[in-house]
């Protein structure tokens, strides 16, 4: 396992697809500590128990979707300013507006290039 630099920033990727979780891990593991959650409940548990610097949320998830999770996180005072990137295959202008209205900091569409994801996160966390 790669040794993480001290002061490593933590990204929580919330996606019900194991394949997408693995793609995100591969894209980010050298620069960030990456945590994964399969659903909104696990994501909320993670951010309440771990220091997380940024959330990556899929929109299309069973039960509670990414937009609702984004609104829920934004409603909690301690996470009001936590950066959230929606990472989804929904790419219509309406979908992007919905993401911003829900409180997303940025909105990236799948499929994505690893460099594109790293750049978007880097711009937010620097």
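What follows draws every value from the coordinates through simple rules; no lab data is involved. Bear in mind the structure is a predicted one, so any value in this text is a computation, not a measurement. Methodologically, a virtual Cβ is constructed for each residue, glycine included, from the backbone with ideal geometry; neighbour enumeration extends over all protein chains shown.
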Q. Among 19, 84, 64, whose mean-square fluctuation peaks in a Gaussian network model of the chain (Cα, cutoff 10 Å)?
A. 19
Q: Quick one: order 79, 94 by neighbouring beta-carbon count within 10 Å, fewest to most.
A: 94, 79
Q. Per 10 Å bin, what is the whole-percent P(r) computed from every C-alpha pair distance within segment 27-126?
A. 15, 52, 32, 1
Q: Sticking with the crude label model, points 7 Å out along Cα→Cβ, report the distance from residue 118 to residue 51 in nm, one decimal please.
A: 2.4 nm
(Q) If I stretch the segment between residue 126 and residue 65 completely, what's the gain in nm (0.36 nm per residue apart, minus their alpha carbon distance), one decimal? (A) 19.1 nm
Q: Springs between alpha-carbon atoms under 10 Å, Gaussian network over the chain: tell me which of 29, 81, 49 tops the mean-square fluctuations.
A: 49
Q: Mind giving me the nanometre distance, one decimal, between the label points for residue 25 and residue 74, set 7 Å out from Cα along Cα→Cβ?
A: 3.1 nm
Q) Where is the GNM fluctuation largest for the chain (alpha-carbon springs, 10 angstrom cutoff): 71, 50, 90? A) 50
Q.
I need to check one value: relative contact order of segment 10-125, counting alpha carbon pairs closer than 8 Å and at least 6 residues apart, in percent.
A. 24 percent
